[in-house]
């Protein structure tokens, strides 16, 4: 499933984009789910991750798309961001926030479909990093980016995913070795955190998609160093 967010204050423009996504999904046999926000404030306050964000640059009576994108990048450094604008000269600002592409209004479906082909390849490439999780005698293939953190509890290993929890067996050290080059870092002896899902620090706690996990004193320095390296990459 492809999770898409549309941030567009103009109803007509939003309806066109939604219809294009429906048409593209039908043509490509893709499962695309989307949600639309009329203002950037509501979008940012309700954001819980996405594969693609379509962001109008010129949002009336609210924070503009560029400012909102800067805040979005603080919460999610990997989401594929595409700007929508009526003024092509504004599109260059998208590079400040690592926008993948920009679309100039009015949008035609052929142009939209061509751009979506590129976007889809990019998202699929991001998802190619997978891991096999043993669960109830069988293996589940999971995207590494969909793992928020791994927890060890009562001799069980729990994979906290974006869509639920998968129970498995093994040791956190084994999982740490398997994910060492995939932006996973221990914050204490019980948790292995995916830095892609870190939303900030609050004292001795790390915010992982809204959940606060304790960062132990012996690991805090190394954890913060790894987080800073990830954010500056």
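Some points to look at:
- Footprinting exposure proxy ranking of 70, 155, fewest other C-beta atoms within 10 angstrom first, gives 155, 70.
- Relative contact order computed over the stretch 130-231 (Cα-Cα under 8 Å; 6+ residues apart), in percent: 19 percent
- The helix-based estimate of mean residue ellipticity at 222 nm for the chain, built from -39,500 (n - 2.57) per DSSP H run of four or more residues and divided by its residue count, is -10500 deg cm²/dmol to the nearest 500.
- As a length-normalised measure over Cα pairs under 8 Å and 6 or more apart, the relative contact order of the stretch 2-127 settles at 22 percent.
- On Cα atoms only, tilt of 65-75 relative to the major axis of the chain in degrees: 10 degrees
- The antiparallel fraction among DSSP beta bridges confined to the stretch 2-127 stands at about 0%.
- Gaussian network model of the chain, springs between alpha carbon atoms under 10 Å - residue of 59, 140, 84 with greatest fluctuation: 140
- Anisotropy class of the stretch 2-127 from Cα gyration tensor, a/c 1.5 cut: rounded
- For the pair residue 118 and residue 60 in one chain, pulling the backbone fully straight at 0.36 nm per residue adds 17.9 nm over the alpha carbon distance.
- As a length-normalised measure over Cα pairs under 8 Å and 6 or more apart, the relative contact order of the chain settles at 12 percent.
- Projected label distance in nm at residue 126 and residue 27, using a 7 Å step from Cα toward the beta-carbon: 2.2 nm
- Contour minus Cα-Cα distance for residue 180 and residue 228 (0.36 nm per residue): 15.7 nm
- Spin-label model distance (nm) - residue 173 vs residue 108, 7 Å beyond Cα toward Cβ: 6.2 nm
- Principal-axis analysis of the Cα atoms of the chain puts helix 109-127 at an angle of about 10° to the longest axis.
Every read-out reported here was derived from the displayed coordinates using simple, explicitly stated rules and does not represent laboratory data. Since the structure is predicted, the reported quantities are computational estimates derived from the model, not experimental observations. In this analysis, Cβ positions are derived from the backbone assuming ideal geometry, glycine residues included, and neighbour counts consider all displayed protein chains.
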